[in-house]
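Take a look at the structure below.
The values are calculated or read from the model by the stated rules, or taken from the named source; none is laboratory data. These numbers come from a predicted model, not from an experiment. Note that each Cβ is placed from the backbone with ideal geometry, even for glycine, and that neighbours are counted across all protein chains shown. Side chains included, ligands, DNA and RNA excluded: accessible areas come from the protein's heavy atoms. Shrake-Rupley method; radii C 1.70, N 1.55, O 1.52, S 1.80 Å.
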Amino acid sequence: MPTITVTRDILYQRLGKVFTNEDFEDECFDFGIELDDVVEENNAVKFKIDIPANRYDLLCVEGLSRAMNVFRGRSAVPKFTVLQGPEKMNVDDSVSEIRPYCVAAVLRDMKFTEEIYNSFILLQDKLHQNIGRERSLVSIGTHDLDTIQGPFTYQALPPESIKFQALNQETVMTAPEMFNKFRQTYLKPYLQIIEEKPLYPLITDANGIVLSLPPIINGEHSKITLNTRNVFIEVTACDRAKCRIVIDTICAMFSEYCSTPFTCESVENFEINLPCSILEMSLEPFV
């Protein structure tokens, strides 16, 4: 059962009510989650809350508070709108034996604060750990759309031919050089997912800028900052259903911060040389 950590005051603000710890524990019980612990971190009271394993929408404060407000009758279920945006993703058949599924979306005209940014990153981490099975089944890349240019390409290439500046790295490296360096970092457990493959998956833009080397790391060029307004989200996976769940979850949770709330753009996908390993996002419930 996943556990999330949320700041009490932020959660109470979103719920529109201040509870005693005992009352909030009762609210959690009625809703079907469990308040596991109350701690103080960085001069703030934090709740550690156990979430059912299949409720990926509750893995961030946005989804948790929204669902609890609907349950308590305080708000209605949001109506989500998916627009067909101008961006396109070409998927090459070289990925078919490596990581065959890919879907992308855009959150347009978002406004990040440090709080929202941290929640955005945390949700990705939680999805990687849980439904993504430590990135082995699903991995996520998020990018500043204004720093890159479509159409985008998802393909697999020989490791020696892949060369770019990885996120938070100071130099350009080849994929084998990155792997050697990352063995000493938190990325070490993920290297084995593709290390023995003859080809590595790669997402690039129209100018050859590397967005990500999934499921390992994003590129430095397109990294998200607090100044980012348009977010390009790409999800690659070995499992079709999980790929869709992840893209839908991220968009459903954070589209509330777009200039038109609960609206996002799908990215049109084109298969090169091979029928269908691509997906379209929908935000429709899974049957």
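Listing for the model above:
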quantity: Whole-angstrom gap from region 62-101 to region 120-138, using each part's C-alpha centre; calculated: 15
quantity: Structure-based [θ]222 nm, the chain - -39500 (n - 2.57) summed over DSSP H runs of at least 4, per residue, nearest 500; calculated: -7500 deg cm²/dmol
quantity: Accessible-area order (highest first, 1.4 angstrom probe) of the listed residues Tyr117, Tyr257, Tyr186, Tyr200; calculated: Tyr186, Tyr117, Tyr257, Tyr200
quantity: Share, in percent, of DSSP beta bridges within the chain that are antiparallel, nearest 5; calculated: 75
quantity: Rough spin-label spacing in nm, given labels placed 7 Å along Cα→Cβ, for Asp9 and Arg229; calculated: 3.1
quantity: Listed pairs Lys111/Lys181; Lys17/Lys111; Lys48/Lys163; Lys163/Lys242 exceeding 32 Å between Cα atoms; calculated: Lys111/Lys181; Lys48/Lys163
quantity: Inter-part distance where region 5-32 and region 235-257 are each reduced to a Cα centre, Å; calculated: 26
quantity: Calculated diffusion of region 108-267, Stokes-Einstein form, Kirkwood radius summed over Cα pairs, 20 °C and 1.002 mPa s, µm²/s; calculated: 133
quantity: Cleavage-rule hits (GluC sites (Glu not before Pro)) in region 90-126: DSSP loop, at most 16 neighbouring Cβ within 10 angstrom; calculated: Glu97
quantity: Dipole in debye (nearest 20) - the chain, about Cα centre, beta carbon charges: Lys, Arg +1; Asp, Glu -1; calculated: 240
quantity: Three-way shape call for region 103-160 based on the alpha-carbon gyration tensor, with the a/c threshold at 1.5; calculated: oblate
quantity: Order of exposure, largest accessible area first, which applies to Glu265, Glu177 with probe 1.4 Å; calculated: Glu177, Glu265
quantity: Filtered trypsin sites (Lys or Arg not before Pro), region 169-265: DSSP coil and at most 16 other beta carbons within 10 Å; calculated: Arg183, Lys223, Arg229
quantity: Charge dipole (debye, nearest 20) of region 1-41; +1 at Cβ of Lys and Arg, -1 at Cβ of Asp and Glu; calculated: 300
